[in-house]
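For reference, the structure discussed in these notes is given below.
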Amino acid sequence: MADKPTFYITTPIYYPSGKLHIGNSYTTIASDAVARYKRSNGYDVFFLTGTDEHGLKIEDKAKANGLEPQAYVDKMAKGIKELWKTLEISNDKFIRTTDKEHVVAVQKIFERLIKQGDIYLGDYEGWYSEDDEEYFTETQLAEVYHDDNGKVIGGKAPSGHEVTLVKEESYFFKMSKYADWLLDFYHNNPNFIQPNTRMNEMINNFIKPGLEDLAVSRTTFNWGVPVESNPKHVVYVWIDALLNYITALGYTSDDEGLFNKFWPADVQMVGKEIVRFHSIYWPIVLHALGVQPPKELFAHGWLLMKDGKMSKSKGNVIYPETLVERYGLDAVRYYLLRAMPFGNDGSFTPEDFVDRLNYDLANDLGNLLNRTVAMINKYEGGQLPAFKPGVTAFDADLEKTATEVVANYRDLMDQMHFADALSEIWKLVSRTNKYIDETEPWKLAKDDSKAEELAAVMAHLAASLRVIATLISPVMTHAPKEIFTQLGMDPATISLIDLKLADLPAGKQVVASGTPIFPRIDVQEEVDFIQGQMTKSDKTKGRAAMAAKAAAQQAAAIEADDGKPEIDFSKFEKIELRVAQITAVDHVKGADKLLKFQLDVGDLGDRQILSGVAEVYPNPDELVNKKVMIVANLKPRKMRGEVSEGMLLSSGHKLVIVPDTLVNGSTVE
Ligand code: MSP
């Protein structure tokens, strides 16, 4: 058997200086989705993540916590490992820059670079931002402070963080020597940085103006890798950190097997703020070592909150554990990848999060599974019929959509356009839901001569769900297995290799599960909950309250002016209107205005809905057998101790009666 193709993907290694939030988790989840996607396609994958534990920032943090740096990073790294476990990150290795093997390798590499003249000793004078762990010249600063004599005494880095003047003996790396090589490398590898617009940014802002040699050691603190031949210096934290990508594979150790197998990395995932380190310093250092640069750097945008970047001081930080505990891991992983458009910033809003859960997951996907399993049980005795293409008039179009979606999804996932890949999958989800409305299986079931068509429809539904579950399996770690299990198929057989609608295994026994895979949630309650999780300072609380008041006033003004505010189609589309037939009507005790209706809603089954129309119908029995319209996806609520599962459409308390020819359960558009 031929060897599997290899694939190496890395995340940045995280500073263990605070609890990681959903922004950091985005990078790791996105990388995990790629790793899972490649594995499912038959690749031999190595997926690396870890922690960047040295530097002044960490040393100060440890002090502030009353701990020795090592004890502090041990504690923090443990927390990060636990988080990745909670998020079911499938990394093959977790590297810590305090790992002995890494430290030894960094020392060896540094000595080698000194020996070959790429690193030399000199004096550094310039500005250092501890928060960014980055050096700046005076002209690079975003703001400078002067004393009375006009001398610069401080300032701010472009990130807004304070800088301090550093004057010390330092080792330097001869970046300038490699500027032309780097430009050639970019020229020959135009897709090295994705999205490739970022390459021009690097060329114009940093390389063309003249690449300066980089200070690569510090003498004013100790928390770092000591330079072996001159231990009063510790290696600059970024050099130490970047090298993790090769030391993790055993580079310079006695066993370079993994390095030989997996380097150069296929994808290195980074946030946009650290592209410069990865696209300039990193390839140059590798080149100086005679090692190939990675094949691709993927720079993603930031996940922003309503009021900008996530930060504790703004009080808008959301931690993934909170969301996972309440809404499940699949919902969180799905949302994060769906919310971040390729190359741009994405935004997290509680409203959007709750909407996606309710519409994409509970309604579109969850209902599709429930309806399919219920119908296969009812019409086929629970057995998956054999897949036959082109039996009903609607099969060909569903088959075509499935083929197109699989192909487009592959293209998009290969380019790591996660949000688009997910919306591609949802095209198939919607198409399959529509297929149920078109084929009307409940009608076919009433006619014995249509048994073959009915079986074909059931097989198409199951086949489509099998494809959908497989496509989402790199992103969701639970639902695909649950879908396979409910359809009687072995979750261990989930594989993207040669995925086709027609490969549905026939004869499996479906298993209905009592609980929906994605329960619908209450919008207001959950938005309030998530908002409550963002610990706000009093100041921001006040501001948020004021903004909310202003928004409410504006909404009231619109309402007073012309009835209801305008909504766009996507909002309207979320309302599920269905035809239902009244099978019985009763009065509700103690409620003069309410009638209690029993309804047949076709494939959705029987429902009870309460409606305030009693005064108009003194003889409610006359309504029996009439067909009406209902809002089917309204959250059930209790009225006078009775459950009402939806709403009947009415005008002036009179029900909207629809023609008898409409089919029970059919959708209204
Ligand atoms: N330690 C360095 C990386 C060294 S890699 C050799 C570092 N660490 S970090 O913890 O500050 O950030 C790591 C990564 O977290 C960022 O590059 C980015 O990928 C991710 N994110 C942090 N905040 C984020 C958002 N708000 N949104 C998306 N990603 C975010 O930099």
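The values are calculated or read from the model by the stated rules, or taken from the named source; none is laboratory data. All figures in this text were calculated on a predicted structure; none of them were measured in a lab. Note that each Cβ is placed from the backbone with ideal geometry, even for glycine, and that neighbours are counted across all protein chains shown. Note: accessible area is taken over every heavy atom of the protein model, side chains too, but ligands, DNA and RNA are not part of it. Shrake-Rupley method; radii C 1.70, N 1.55, O 1.52, S 1.80 Å.
For region 323-347, filtering for residues that are modelled with pLDDT of 95 or more and within 16 Å of the ligand (Cβ to nearest atom) leaves 7. Annotation note: Cβ proximity below 6 Å between a residue of region 490-512 that is free of Cβ contacts under 8 Å to residues at least 60 places away in the same chain and a residue that is open to solvent by less than 40 Å² (accessible area, probe 1.4 Å) (sequence gap 6+ or interchain) occurs for PRO491/PHE484. In region 10-30, the residues that are free of Cβ contacts under 8 Å to residues at least 24 places away in the same chain form Cβ pairs under 7 Å with partners that are near the ligand (Cβ under 7 Å from one of its atoms) and not in a loop (DSSP other than H, G, I, E, B), at six or more places apart or across chains, as follows: ASN24/TYR14.
When the residues of region 5-23 are filtered to those that are more than 8 Å from the ligand (Cβ to nearest atom) and among the polar types (S, T, N, Q), which remaining residue is farthest from the chain's Cα centre (by Cα)? Checking each candidate, the answer is THR6. From the list PHE569, PHE597, the one residue that fits, being among the aromatic types (Phe, Trp, Tyr) and at pLDDT 90 or above, is PHE597.
Take TRP223 and decide whether it is within 15 Å of the ligand (Cβ to nearest atom), surrounded by 17 or more Cβ atoms within 10 Å (Cβ to Cβ) and not in a helix (DSSP H, G or I). Break it down stepwise before answering.
Values: within 15 Å of the ligand (Cβ to nearest atom): yes; surrounded by 17 or more Cβ atoms within 10 Å (Cβ to Cβ): yes; not in a helix (DSSP H, G or I): yes.
When the stated conditions are applied, TRP223 passes them.
Does SER430 fit the bill of being within 23 Å of the chain's Cα centre (by Cα), more than 30 Å from GLN268 (Cα to Cα) and surrounded by fewer than 21 Cβ atoms within 10 Å (Cβ to Cβ)? It would help to see each step written out before you state the result.
Working: within 23 Å of the chain's Cα centre (by Cα): yes; more than 30 Å from GLN268 (Cα to Cα): yes; surrounded by fewer than 21 Cβ atoms within 10 Å (Cβ to Cβ): yes.
For SER430, the condition - within 23 Å of the chain's Cα centre (by Cα), more than 30 Å from GLN268 (Cα to Cα) and surrounded by fewer than 21 Cβ atoms within 10 Å (Cβ to Cβ) - is met.
Taken together, the residues in region 251-290 that are within 16 Å of ARG112 (Cβ to Cβ) and either free of Cβ contacts under 8 Å to residues at least 60 places away in the same chain or out of contact with any Leu (no Cβ under 9 Å at 6 or more places or on another chain) (or both) amount to 6. Number of residues in region 274-288 that are open to solvent by 10 Å² or more (accessible area, probe 1.4 Å) and of a type in the set (A, V, I, L, M, F, W, C): the value is 2.
For region 192-208, filtered to residues that are in a loop (DSSP other than H, G, I, E, B) and over 12 Å from SER279 (Cα atoms), the residue that is nearest to the chain's Cα centre (by Cα) is PRO195. Of the residues making up region 172-184, none is among the small types (Gly, Ala, Ser), farther than 18 Å from GLU273 by Cβ and in contact (Cβ under 8 Å) with a residue 40 or more places away in the chain.
All told, GLY122 meets the bar of being among the small types (Gly, Ala, Ser) and part of a strand (DSSP E or B).
Here are GLU642, GLU615: which of them is over 21 Å from PRO441 (Cα atoms) and open to solvent by 80 Å² or more (accessible area, probe 1.4 Å)?
GLU615 is the lone residue from the list that is over 21 Å from PRO441 (Cα atoms) and open to solvent by 80 Å² or more (accessible area, probe 1.4 Å).
Does ASP118 satisfy being surrounded by 15 or more Cβ atoms within 10 Å (Cβ to Cβ) and within 30 Å of the chain's Cα centre (by Cα)?
no
Filtered by the rule that a residue be open to solvent by 30 Å² or more (accessible area, probe 1.4 Å), touching a helix residue (DSSP H, G or I) at 6+ places or on another chain (Cβ under 8 Å) and over 13 Å from ILE376 (Cβ atoms), region 452-470 gives a lone residue, GLU453. Do we have LYS57 as part of a loop (DSSP other than H, G, I, E, B), at pLDDT below 95 and either of a type in the set (Val, Ile, Thr) or surrounded by fewer than 23 Cβ atoms within 10 Å (Cβ to Cβ) (or both) here? In short, no.
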